[in-house]
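The values are calculated or read from the model by the stated rules, or taken from the named source; none is laboratory data. Since the model is a prediction, treat every value here as computed from it, not as a measurement. Using ideal geometry, Cβ is built from the backbone for each residue, glycine included, and neighbour counts are taken over all protein chains shown. For accessibility, only protein heavy atoms count, side chains too; no ligands or nucleic acids. Shrake-Rupley method; radii C 1.70, N 1.55, O 1.52, S 1.80 Å.
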Amino acid sequence: MTEIQIPGNAFDLLLAGNQRFVSGSPEHPNQDAARRTETAPSQQPFAVVFGCSDSRLAAEIIFDRGLGDLFVVRTAGHVAGTEVLGSIEFGVSVLNAPLVVVLGHDSCGAVAAACSALEDGQTPGGFVRDVVERVTPSVLAARAAGRETAEEILAEHIEHTVDLLLERSRVLAERVADGRLGVVGLSYRLADGSAQLVAARGLATAAPTAS
């Protein structure tokens, strides 16, 4: 296992990029023609990022990374169906990424819609309803635990998603158990650009949150 294949090291690398983004001093690594040529034959991303589809949450930008660094999967409200699980497992089992990141954010429309649906009984139509219904258990769990603020409900949803991935995917769970994979949940703040640690599974030591 190389240094970058160690889950904790991969997480530190990701947070370092976020700190550069927050401070306004991004390096834009691996975004040139040489990197394009290098990665054309194959890819070896150091992290799978499963995030919300929100247009303000572009992973390569907020973590200051480039081509071949991140294997990105995105859905509204980071809700996880079979296609998502298969994509994440591909990034881990085929591409050997040592880190999976669940990336949520404040002012999430899917979370807000789930809260509204519980309060007034009105759910959106079409397939948006399915997204809201998949977020609803997180809202219910947060409220049952006395977590009522938007920040607390978001944290519950992120942690719920982390645990859901490990419950439904034996591939991920086995790699976490044998020390080859870390799964973390991060909450992104739209105003200042920081990604705060919410949940961590499989990291040898507690990693610091971004500031």
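Overview of results
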| read-out | value |
| --- | --- |
| Residues with amide H under 5 Å from that of residue 73, placed H, sequence gap 5 or more | 49, 50, 51 |
| Virtual paramagnetic centre 7 Å along Cα→Cβ of residue 12, amide N under 16 Å, in the range 146-185 | 182 |
| Highest-fluctuation residue, 148, 119, 156 considered, GNM on the chain with Cα pairs under 10 Å | 119 |
| Principal axis box of the range 20-95, alpha-carbon based, largest edge first, Å | 35, 32, 15 |
| Per residue value of the accessible surface for the range 13-69 (all protein chains in place, 1.4 Å probe), Å² | 50 |
| Where the range 72-135 is the region considered: accessible area per residue in Å², 1.4 Å probe | 43 |
| For residue 99, distant residues with modelled amide H under 5 Å away | 48, 182 |
| Where labels lie 7 Å past Cα in the beta-carbon direction, separation of residue 53 and residue 94 in nm | 2.2 |
| Share of Cα-Cα pairs in the range 92-211 lying beyond 25 Å, as whole percent | 30 |
| DSSP-defined beta bridges in the chain - what % are antiparallel, rounded to 5 | 25 |
| With every protein chain in place, the chain: carbon and sulfur % of accessible area (1.4 Å) | 52 |
| Value in Å of the Kirkwood radius, where the range 133-172 supplies the Cα pairs that are averaged | 10.4 |
| Computed over the range 12-154, the ratio Rg/Rh where both radii use C-alpha atoms and Rh is Kirkwood | 1.04 |
| Segments 128-136, 6-14 sorted - mean Cβ within 10 Å per residue, highest first | 6-14, 128-136 |
| Karplus (6.51, -1.76, 1.60) ³J(HN,Hα), θ = phi - 60°, over the range 139-151, in Hz, Gly and Pro reported as x | 5, 5, 5, 4, 5, 5, 8, x, 9, 10, 6, 4, 5 |
| Loop-resident sites, the range 7-108, for GluC sites (Glu not before Pro), counting at most 13 other Cβ within 10 Å (DSSP) | 27 |
| Total charge dipole magnitude, the range 36-151, about the Cα centre, Cβ charges on Lys, Arg, Asp, Glu only, Debye to nearest 20 | 100 |
| Sites matching trypsin sites (Lys or Arg not before Pro) across the range 1-89 that sit in DSSP coil, with at most 16 neighbouring C-beta atoms within 10 Å | 56 |
